Amino acid sequence: MTAPSVPRIRARRPKVRSGCVTCKSRRIKCDEERPVCRRCQKSWLPCGYNSSETNQIPHQIQKDIVTTFQAETGEGASPRLLPRVRVSDFGEPETLYFDLFRNTIVANLCLNGYTNLWSRTILRESFRDECVRDCVLGIGALRRAMMDERQAKPLGRPPPLWTVPTIAVSSSYTKYQRDAIQYYTKSISKFRERMAREGSSTPTRTILIVSILFVMFEAMQGDTDSVDRIMFFARHALKDSLSSLGTERQVSSALDDEGVREADYFLTRFSGYNSLLSPFYPSLLREQPFKRDCGLVIEPLPNGTENPRQVELMFERYTTSALTWCFRTCQAGIFGRPLDIENNKREQVLILSRANDWCNFIVKKLNQETDPLQRRNWKTMLVEAKMFTVYTTYSYNPEEREILWDARIDDCREVVDLVESILDDMGPITALPPLFEDKLIPTLRCVTCKCRDYAVRTRALSLCRRLAGPWLENRAVLVGMQIMIELEERDRDASGFVPLESRYRWNVSSWNADRSELRMVLMGTTTGIRKEFTIRQDGNIDDLIEQLSTMSVQ
């Protein structure tokens, strides 16, 4: 007769509660390495330690999602805009997805500013609007799916030029990928039904916020075609309401909080910069401009009594307005769109003058500032202000335009020095670089493509690579810019000058079905000559440049 089995009793060990906040929220063991634990570094997640949380019990972490959100958004917010939130508002998987959105996605986006938009307005709207809620949960589920992706490096071969997110090309999905698609599809369906039912009476804030979230979901997957279509839709849906899409008129009645104003500035800058500096978003640049008054907003400079955040908002209003001018002007110059030349030149003088005024103001603030974080913010603003002194030096003659850029090499070098200083102050980027970086990356892309000083443009490309992260569009643009640089360098003459007829503009790009091949079209800036070729994900850039340098133009 066998002896009765005795159940094994697991030895009780005290739980370690000193791990990082992110590992605690994910309920995984933390190695407690400082300043960034290995798990967070491997998953590209924000990592931080909070000694005040060491006494919290584990199950409180997810409960406190809602109460912490309430505390953050409650200050100074209207009770009408801040309904009471309960833990029961979320189901079991939804709590995880909302937690990931709030603790990882929002933290990532706030690295680029617009903190009221990401950390207050969108979180609040997720409890008021089902379209926003479902899209937020879809983005959280997508982030969870991305955390499981492990890209194996092929042995004996160089890494691929870019990495395609699995969810974008796979026919078999994990649970998290299925959830992401289901939530996103529900959000789109509800939004379409609402637009069909309400039409032009759909609140401006809803269209704006939902459009940004749709762009975010598609951008995380690297679906540039969908991002382009959504931005085009947003422009038309909001054309009579906001500055973002063609007019600098501010409508306070339509923007009931600071976060929605930030959304207006963000969508303007994101769509404007991407249309001008990325070949993946052609729809906005090619469309006919809306025939309406687009007056330029030039406000007085701060008088010194404002706090830094107020100054930043004033600066964002200026750059948003100035960028819209640049967009219209480039659109007219590239595609021959109708434009009031005399009025445009008057606005050009005003923008240039105000850009120089902002440079002087920010330099004074920078010299007086002692706080490291605020010094970095002033430097970032100075980069933008200096670049607008360059952007506004514009000519409608293509050859004169190139010569004007050649005259601004010293300014480009100074801007690159500033960006390098900002990134060096930040130290190694262990967290995921911002998905929507609309301050430094546009500057670096513009310098890389337009400045023909080899040392300056290759430094700009290297800094751009530090900010690219794993995002598909960023990595693809890096490859294309490197090819364009080396192609132009082959024709640099003995005096160190790149001939005007050997300069290119990256005009068009498109993917094949699984995004393993990128079609790239370069257009001569003064000649109009096209060079069209295909880049493979597993290709070699040096070999491709060698082939291009001998190929005949189309």
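The values are calculated or read from the model by the stated rules, or taken from the named source; none is laboratory data. None of these values were measured; they are calculated from a predicted model. Using ideal geometry, Cβ is built from the backbone for each residue, glycine included, and neighbour counts are taken over all protein chains shown. For the accessible areas, the whole protein counts, side chains as well, though only heavy atoms, and no ligand, DNA or RNA atoms are used. Shrake-Rupley method; radii C 1.70, N 1.55, O 1.52, S 1.80 Å.
Which is of a type in the set (S, T, N, Q), closer than 22 Å to Val415 by Cβ and touching a residue at least 60 places away in the same chain (Cβ under 8 Å), of Gln348, Gln374?
Working: Gln348 fails: touching a residue at least 60 places away in the same chain (Cβ under 8 Å).
Of Gln348, Gln374, the one residue that is of a type in the set (S, T, N, Q), closer than 22 Å to Val415 by Cβ and touching a residue at least 60 places away in the same chain (Cβ under 8 Å) is Gln374.
Can you tell which of Asp438, Asp410 is open to solvent by 10 Å² or more (accessible area, probe 1.4 Å) and either of a type outside the set (S, T, N, Q) or touching a residue at least 12 places away in the same chain (Cβ under 8 Å) (or both)?
Working: Asp438 fails: open to solvent by 10 Å² or more (accessible area, probe 1.4 Å).
Answer to the check: Asp410.
State whether the residues of the stretch 415-426 include one that is farther than 20 Å from Leu373 by Cα, in contact with a helix residue (DSSP H, G or I) (Cβ under 9 Å, 6 or more places away or on another chain) and modelled with pLDDT of 95 or more.
Narrowing the stretch 415-426 to residues farther than 20 Å from Leu373 by Cα: none.
Checked the stretch 415-426: no residue is farther than 20 Å from Leu373 by Cα, in contact with a helix residue (DSSP H, G or I) (Cβ under 9 Å, 6 or more places away or on another chain) and modelled with pLDDT of 95 or more.
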- Task: Only residues that are open to solvent by 40 Å² or more (accessible area, probe 1.4 Å), within 15 Å of Glu402 (Cβ to Cβ) and among the polar types (S, T, N, Q): list them for the stretch 478-531, please.
- Result: Thr526, Thr527
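Quick grid of which residues meet (1) open to solvent by 40 Å² or more (accessible area, probe 1.4 Å); (2) under 30 Å from the mean Cα position of the chain (by Cα); (3) modelled with pLDDT of 75 or more:
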site	(1), (2), (3)
Ser25	no, yes, no
Asp31	yes, no, yes
Cys37	no, yes, yes
Tyr49	yes, yes, yes
Lys63	yes, no, no
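Quick grid of which residues meet (1) open to solvent by less than 20 Å² (accessible area, probe 1.4 Å); (2) at negative phi; (3) not in a helix (DSSP H, G or I):
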| position | (1), (2), (3) |
| --- | --- |
| Arg337 | no, yes, yes |
| Gln348 | no, yes, no |
| Arg354 | no, yes, no |
| Phe361 | no, yes, no |
| Leu382 | yes, yes, no |
| Ala385 | yes, yes, no |
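Criterion first (in a loop (DSSP other than H, G, I, E, B), under 21 Å from Pro279 (Cα atoms) and of a type in the set (A, V, I, L, M)) does Leu435 satisfy it? Steps first, please.
Numbers: in a loop (DSSP other than H, G, I, E, B): yes; under 21 Å from Pro279 (Cα atoms): yes; of a type in the set (A, V, I, L, M): yes.
Considered against the rule, which asks whether it is in a loop (DSSP other than H, G, I, E, B), under 21 Å from Pro279 (Cα atoms) and of a type in the set (A, V, I, L, M), Leu435 comes out as yes.
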- Message: Exactly one of these conditions fails for Ser283: (1) surrounded by fewer than 18 Cβ atoms within 10 Å (Cβ to Cβ); (2) under 22 Å from Phe232 (Cβ atoms); (3) more than 20 Å from the chain's Cα centre (by Cα). Give me its number.
- Response: (3)
- Among the residues of the stretch 363-379, count how many are open to solvent by less than 70 Å² (accessible area, probe 1.4 Å) and of a type in the set (A, V, I, L, M). 2
- Query: Do the conditions hold for Arg466, that is, is it open to solvent by 30 Å² or more (accessible area, probe 1.4 Å) and either of a type in the set (D, E, K, R) or farther than 24 Å from Thr163 by Cα (or both)?
  - Reply: yes
- Item | Among (1) acidic (Asp, Glu); (2) in a helix (DSSP H, G or I); (3) within 25 Å of the chain's Cα centre (by Cα), the one test that Glu402 misses | (3)
- Residue in the stretch 135-189 that is surrounded by the most Cβ atoms within 10 Å (Cβ to Cβ), counting only those that are among the small types (Gly, Ala, Ser), more than 18 Å from Arg536 (Cβ to Cβ) and at pLDDT below 65: Ser170
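Looking only at the stretch 321-335, decide whether some residue is in a helix (DSSP H, G or I), of a type in the set (Phe, Trp, Tyr) and over 26 Å from Thr115 (Cβ atoms). Working first, answer last.
From the stretch 321-335, those in a helix (DSSP H, G or I) are 321-335; that's our starting set.
Those left that are additionally of a type in the set (Phe, Trp, Tyr): 325, 327, 335.
Cutting the leftovers down to over 26 Å from Thr115 (Cβ atoms) gives us 325, 335.
Scanning the stretch 321-335, I find at least one residue that is in a helix (DSSP H, G or I), of a type in the set (Phe, Trp, Tyr) and over 26 Å from Thr115 (Cβ atoms), so the answer is yes.
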- Filter pass, Cys451 being buried (at least 19 other Cβ atoms within 10 Å of the Cβ) and without any contact (Cβ under 8 Å) to a residue 40 or more places away in the chain: no
